[in-house]
1. Using a 1.4 angstrom probe on the protein heavy atoms only, could you order 163, 253, 28 from most to least accessible area?
2. Express the relative contact order of the chain as a whole percentage, based on alpha carbon pairs under 8 Å and six or more residues apart in sequence.
3. Considering only protein heavy atoms, what per residue accessible area in square angstrom results for segment 178-242 with a 1.4 angstrom probe?
4. Leaving ligands, DNA and RNA out of it, report the carbon-plus-sulfur percent of the accessible area of the chain at a 1.4 Å probe.
5. Can you compute the charge dipole magnitude of segment 1-79 about its Cα centre, using +1 on each Lys and Arg Cβ and -1 on each Asp and Glu Cβ, nothing else charged? Give it in debye, rounded to the nearest 20.
6. Using alpha carbons only, how many degrees (0 to 90, rounded to 10) separate the axis of helix 60-84 from the longest principal axis of the chain?
7. I want the antiparallel fraction of DSSP beta bridges within the chain, as a percent rounded to 5.
8. Rounding to the nearest 10 and keeping the result within 0 to 90°, find how far the Cα-based axis of helix 30-44 lies from the longest principal axis of the chain.
Amino acid sequence: MDKLNNMRVFCRIVELGTFAAVAREMNLSAMMITKYMAQLEESLGVALLNRTTRQISLTEAGEIYYHRGKQLLDDFLELDESTSQLGRNVRGVLKIIAPIDFGGLFMVPAIEAYQREYPDVKILMTLRNSHVNLGEGNFDLSILVTDTLDLGVVARKIAETRLCVYASPEYIAAHGKPECIEELSEHRCLHYMDTPHRDYWIFHAGNDEVKIKTNWHFASNNGRALCQAAALGMGITQAPEFSVANYLAEGKLVEVLQAFRIPSLAIYATYLQRRFLPAKLTTFVDFMVRYFAENSPSSADRTI
């Protein structure tokens, strides 16, 4: 068991990059992490890590040991989870990361409905817009609103949303309504940060995808703040339709540049491919597919 623990410490050092980060994660001292690594290398009779004052890198032996050791640790985890689930209810802690706006607006009711059916599953949800590497092991599941996906992950589409451009009637009355995307340069724009397209808004013109760098006056990584700003007449924003549904229903925002919409964005539940998937993960993903099909304004196309 000590060898297994030392192997786990080594793999996390490789994944997190420093001894100190692993010590914080495991709630141990850096001295203990160093001790475990020394025990592992001594037992193997070979150095696994090259250490300098600036960085840690893998030796040739370390590269081989990491990939095989990571697979063995995954196998042990799968064995424990598959055995513990025999004859028992679905249980465990499921760690999810979701975008701030979609997570805040839609995931809590979905989780509440899931936990009524699976009360022994605990959900730990982090709301963050930045990209995460599921291979680092910090999360079991990532919810993505995107038109691009990473290689090496399983992606189940749970819903769709349109990406559109909106302004308030008051803004349009004061500044006019843009009729083509080139006219956006003459308008005050409200920009959503941390998207894969960075400083650009994306549109379709004919059969081509067009990127426009807007003249933004207010930017945020929170879609609800941008929708509120647009409703107050501060400018024009591009946002997923789910973010503005209430404002559209109340007439506080209207869509502009409809002819230049891109195709709908898919909303995915993504996770790593494994030979055995724990029941807490599979039941949650299956439930999300059903939930959003039944709780979208249009269950036919699952657009929210």
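The values are calculated or read from the model by the stated rules, or taken from the named source; none is laboratory data. Bear in mind the structure is a predicted one, so any value in this text is a computation, not a measurement. Ideal geometry is used to build each Cβ from the backbone, glycine not excepted, and the neighbour counts take in all protein chains shown. These area figures cover heavy atoms from the full protein model, side chains too; ligands, DNA and RNA do not enter into them. Shrake-Rupley method; radii C 1.70, N 1.55, O 1.52, S 1.80 Å.
1. 28, 163, 253
2. Rounded, it is 21 percent for the chain.
3. Accessible area per residue, segment 178-242: 53 Å².
4. Carbon and sulfur together cover 52 percent of it.
5. Numbers: 9 positive and 10 negative charges, 62 e Å.
It comes to approximately 300 debye.
6. 80 degrees
7. 65 percent
8. Its long axis makes an angle of about 60 degrees.
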